[in-house]
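Here is the structure we will look at, set down as structure tokens.
The values are calculated or read from the model by the stated rules, or taken from the named source; none is laboratory data. Since the model is a prediction, treat every value here as computed from it, not as a measurement. Virtual Cβ from ideal backbone geometry, glycine too; neighbours counted across all protein chains shown. With ligands, DNA and RNA removed, areas are computed over all heavy atoms of the protein, side chains included. Shrake-Rupley method; radii C 1.70, N 1.55, O 1.52, S 1.80 Å.
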Amino acid sequence: MSLRRASAVVILGSAFGFGINLLLTPVLSRLYSPEVFGLFSTVIAVATSFVGISTLRLEVRAQSTSDDGDTWSLFRLALAAALASTLVSGVAAATAVVAGAPLVWLAAPAIVLAGSVQIVGAATRVRKQQYRHLGFANFVQGAGTGIVQVAAGAVSPQVWSLIAGFLAARLIWLRGLFGLSKATRPLRVTWRENRRYAVTAGTSAGINSVAGQLIVILPAFFVGAAVAGALAMAIRLLVSPLAIVAQGSSAAAIGEVGRLIRDRRSSLPIVDKAIRDLFVVGLLPCVGAAVLGPLLAPVVLGQEWAQTGSLLSLLAPGALAQFVGSPWGQLLNVTGRSDWLLRWDVLRLVLVASAVGIPLVMGMSVAVAVGTYSASQVLLYVLLVVIVRRSLRVST
């Protein structure tokens, strides 16, 4: 299956699922207050930072191995690393609650585990090139999140209802773990052979994950849950649906490029074509959000969410750049250039922290912080595409 066709299969499932989620957003915004949604988004953002490093990107390493037993050994090691991360996040959450944080932080380890299972479960489908299964699972996750959150919110519009939707929708990925019994090597042997890769790629993924969540975490800390909720809703409406489509493209890219590398064939032409496709697909929703967001947000979401519209406009340029560039970062792991990705991730962390943090520390509005953040995203993802293309040229 070509990269374009594989991406389309995954993207369709993802888009339909999240489309249902988006259609439920006006109901969701009238069930939950910005404060409640902001607290939920902050907990998710912090827990997702653990998810970024949880599997040490061993599931990506598994895409380029030729032996099926070695592949499943890597998947099993990725899951073991995820369980360790879940334990660490649980200790951190319990400590925070004892120190006075809300009880909802105790849900963090469950979120870390669910997010990690999603990563490994999706990777097993990619390895077997089961793109239709992957698209269906993405559909269930996307649609299920919104359906459960609305149903639970109708009974009790609290942060626990939002978390229940997040967790329930990710149960679909457990099915992808059924092949772990095919692993042929002990965990310690697999770890010894892949330790260097795991440390580099895992550190890179962890830094990247933290950088990606700072846009929610820093405003929540400096400005409060209500403003963070309005910003998180803007991210939900624009960045999240684009990210799901990009994630589908990334999954297909890893699978197809991994296959071409195993066959010692050039993958640069199909990646270039896919980059152009993503730009065309992402341009319309981003321009629409930039122009119509301030007008439609109060009507669609309710007047208390009016700030979301202006934030949508500011996020749009960076969202387009992220949509076009983000699917290709993991190809640096596939081509053995994990150190390149680590350097880019460190640069991203520094730029994002500066772009968001400096305006907030100086007492500027969250709109200024979001605008500088969006500009930093454009610079970062243009650079990432340049680096990935160079890596693909070198690897052939």
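The set of residues in the range 169-189 that are buried (at least 18 other Cβ atoms within 10 Å of the Cβ) and at pLDDT 90 or above comprises Ala169, Arg170, Ile172, Trp173. Against the conditions (1) under 21 Å from Arg196 (Cβ atoms); (2) open to solvent by 30 Å² or more (accessible area, probe 1.4 Å); (3) not hydroxyl-bearing (Ser, Thr, Tyr), Ala81 satisfies every one except (2).
Could you grab the pairs with beta carbons closer than 8 Å, sequence gap of 6+ or different chains, first residue in the range 100-129 and over 17 Å from Ile53 (Cβ atoms), second one among the hydroxyl-bearing types (Ser, Thr, Tyr)? Here the result reads Arg125/Tyr131; Arg127/Thr71, each pair linking the range 100-129 to a residue that is among the hydroxyl-bearing types (Ser, Thr, Tyr).
Selection over the range 323-381 of residues that are under 27 Å from Glu59 (Cα atoms), outside any helix (DSSP H, G or I) and either small (Gly, Ala, Ser) or open to solvent by less than 10 Å² (accessible area, probe 1.4 Å) (or both) gives a count of 2.
For the range 29-62, the tally of residues that are touching a Pro at 6+ places or on another chain (Cβ under 6 Å) and open to solvent by less than 10 Å² (accessible area, probe 1.4 Å) stands at 1. Out of the residues in the range 97-121 that are open to solvent by 60 Å² or more (accessible area, probe 1.4 Å) and in a helix (DSSP H, G or I), state the one that is nearest to Gln141 (Cα to Cα). Ranking the candidates gives Leu113 first. Just one residue in the set Thr335, Thr308 is touching a helix residue (DSSP H, G or I) at 6+ places or on another chain (Cβ under 9 Å), under 18 Å from Val366 (Cβ atoms) and among the polar types (S, T, N, Q); that residue is Thr308. For Gln129, the criteria (1) in a helix (DSSP H, G or I); (2) over 17 Å from the mean Cα position of the chain (by Cα); (3) not hydrophobic (A, V, I, L, M, F, W, C) hold in every case but one, which is (1). Would you be able to say whether some residue in the range 144-163 is in contact with a Ser or Thr (Cβ under 7 Å, 6 or more places away or on another chain), open to solvent by 50 Å² or more (accessible area, probe 1.4 Å) and of a type in the set (A, V, I, L, M, F, W, C)? No, every residue in the range 144-163 fails to be in contact with a Ser or Thr (Cβ under 7 Å, 6 or more places away or on another chain), open to solvent by 50 Å² or more (accessible area, probe 1.4 Å) and of a type in the set (A, V, I, L, M, F, W, C). Taking each residue of the range 183-197 that is closer than 13 Å to Ala62 by Cα and looking for partners that are open to solvent by less than 30 Å² (accessible area, probe 1.4 Å) and not in a helix (DSSP H, G or I) with beta-carbon atoms closer than 9 Å, six or more apart or interchain, yields Thr190/Ala183.
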